[in-house]
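J.: Before I ask anything, here is the structure I am working with.
Laboratory data are not the source of any read-out in this text; all were calculated from the coordinates shown. Note that the structure is predicted; figures quoted are calculated from it, not measured. Every residue, glycine as well, gets a Cβ built from its backbone with ideal geometry; the counts of neighbours run over all protein chains shown.
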Amino acid sequence: MKSIVILISGRGSNMEALLGAHLRARIAAVISNNVDAKGLAIAAARGVTTEVVNHRHYDSRESFDQRLAQCIEGYRPDLVILAGFMRILTDGFVESFKNRLINIHPSLLPAFPGTNTHRRALQEGVKIHGCTVHFVTPALDSGPIIAQAAVPVFDDDSESTLAARVVQQEHRLLPEVVRWFLDDRLRVDGRRVALAGTYAPAAFLISPALQ
Ligand code: GRF
């Protein structure tokens, strides 16, 4: 059975969605850079091993990433998932997990990489927003896109109503992509990721709220 390590920094709702998804894989550990991450308690309550590698205890990004990589590799994971992990990782770290490191990002990339995606989406007046799961490469939020889910943006949306609509889709999209990975269905060819077998893209095109 394949094994997975999940990295979180905060609430951990995407991690929770993964834990509840009955994946055919072992969740070997949940690791956080933040000792106060709420998700740690959720994981521990479900009997999942948790670890903290506190970035504040390291004087450089390199030394933090080295320790983090060592901690992750101790679990020999087939897949490492950044599920709300809020640290930028060094190129060396990313290279060492090539094609087995994925991230969930709360926008339809390549629009709105980085932080405050919902605020920026509202400021730009976009009518469709959403989330993206992608393989991680050294450049921030720009690795090969695996899948996306879209939601409408309404005139009376606030940052928090929009965030709530997007995160609901994140909780559907991330476990689905992880299943594809576990079933060896993903093929990376340059910037494009192809999915072997049957794909029902309609499930991800737009939020059920609009249908
Ligand atoms: C999610 O919106 C994720 O896409 C972003 O940070 C948020 C984390 O939420 N990177 P949670 O910790 O999974 O609840």
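J.: Under unit Cβ charges (Lys, Arg +1; Asp, Glu -1), what dipole magnitude, rounded to 20 debye, does the stretch 1-80 have relative to its Cα centre? Could you put the intermediate results ahead of the total?
T.: Numbers: 10 positive and 8 negative charges, 61 e Å.
Dipole magnitude for the stretch 1-80 comes out near 300 debye.
J.: Size of the dipole of the chain about the Cα centre, Lys and Arg at +1 and Asp and Glu at -1 on the beta carbon, nothing else charged, in debye to 20? Spell out each step's value before the answer.
T.: Values: 23 positive and 21 negative charges, 91 e Å.
Around 440 debye, computed over the chain.
J.: Assuming a viscosity of 1.306 mPa s and a temperature of 10 °C, what translational diffusion coefficient in µm² per second does Stokes-Einstein assign to the stretch 23-126, Rh being the Kirkwood radius over Cα pairs? Please list the in-between numbers first.
T.: Details: Rh = 15.4 Å.
The Stokes-Einstein estimate is 103 µm²/s.
J.: Let me ask something else about it. With a Förster radius of 45 Å, plug the Cβ-Cβ distance of Asp155 and Arg185 into 1/(1 + (r/R0)^6) and report the FRET value to the nearest 0.05.
T.: Numbers: r = 39 Å, r/R0 = 0.86.
Once the sixth-power term is evaluated, E becomes 0.70.
J.: Also, quick follow-up: Considering every pair of different Cα atoms, what Kirkwood radius, in Å, is found for the chain? Numbers along the way, then the final one.
T.: Values: mean 1/r = 0.0570 Å⁻¹.
After inverting the mean inverse Cα-Cα distance, the result is 17.5 Å.
J.: Short version: what are the Cα gyration tensor semi-axes of the stretch 71-196, square root of 5 times each eigenvalue, largest first, in whole Å?
T.: Values: eigenvalues 140, 48, 34 Å².
Its equivalent ellipsoid spans semi-axes of 26, 16, 13 Å.
J.: Under the definition of Cα pairs under 8 Å and six or more residues apart, what whole-number percent is the relative contact order of the stretch 1-113?
T.: On the way: 179 pairs, mean separation 34.2, N = 113.
Relative contact order for the stretch 1-113 comes out at 30 percent.
J.: Continuing with this model, one more query. Any chance you could get the radius of gyration and Dmax over the Cα atoms of the stretch 77-145, in Å?
T.: For the stretch 77-145, the Cα radius of gyration and maximum Cα-Cα distance read 12.6, 41 Å.
J.: Of the residues Leu18, Leu122, Leu173, which exhibits the maximal mean-square fluctuation in a Gaussian network model of the chain defined by a 10 Å Cα contact cut-off?
T.: Of Leu18, Leu122, Leu173, the Gaussian network model singles out Leu122 as fluctuating most.
J.: Continuing with this model, one more query. So what are the three principal axis dimensions of the stretch 1-52 from its Cα atoms, in whole Å, longest to shortest?
T.: Taking the Cα atoms of the stretch 1-52, the three principal extents are 30, 16, 15 Å.
J.: Of Ser160, Ser32, Ser107, which has the largest mean-square fluctuation in a 10 Å C-alpha GNM of the chain?
T.: Ser160
J.: Specify the inter-centroid distance of the stretch 51-94 and the stretch 154-188, based on alpha-carbon positions, in whole Å.
T.: Taking the Cα centre of each part, the stretch 51-94 and the stretch 154-188 sit 23 Å apart.
J.: Apply the membrane-span-like helix rule to the chain: whole DSSP H runs, Cα extent along the own long axis of at least 15 Å, mean Kyte-Doolittle hydropathy at least -1.0. List the helices found. Please list the in-between numbers first.
T.: Values: long enough: 61-73 (18 Å, -0.92); 159-182 (34 Å, 0.01).
Answer set is 61-73, 159-182.
J.: What is the calculated FRET efficiency for Ala41 to Asp78, with r their C-beta to C-beta distance and R₀ = 25 Å, to the nearest 0.05?
T.: Values: r = 26 Å, r/R0 = 1.04.
With R0 = 25 Å, the Cβ-Cβ based efficiency is 0.45.
J.: Separate question: Taking the beta-carbon count within 10 Å as an exposure proxy, list His55, His118 from fewest neighbours to most. Present the calculation step by step, with values, prior to reporting the outcome.
T.: On the way: His55 18, His118 23.
Least crowded to most crowded, the residues run His55, His118.
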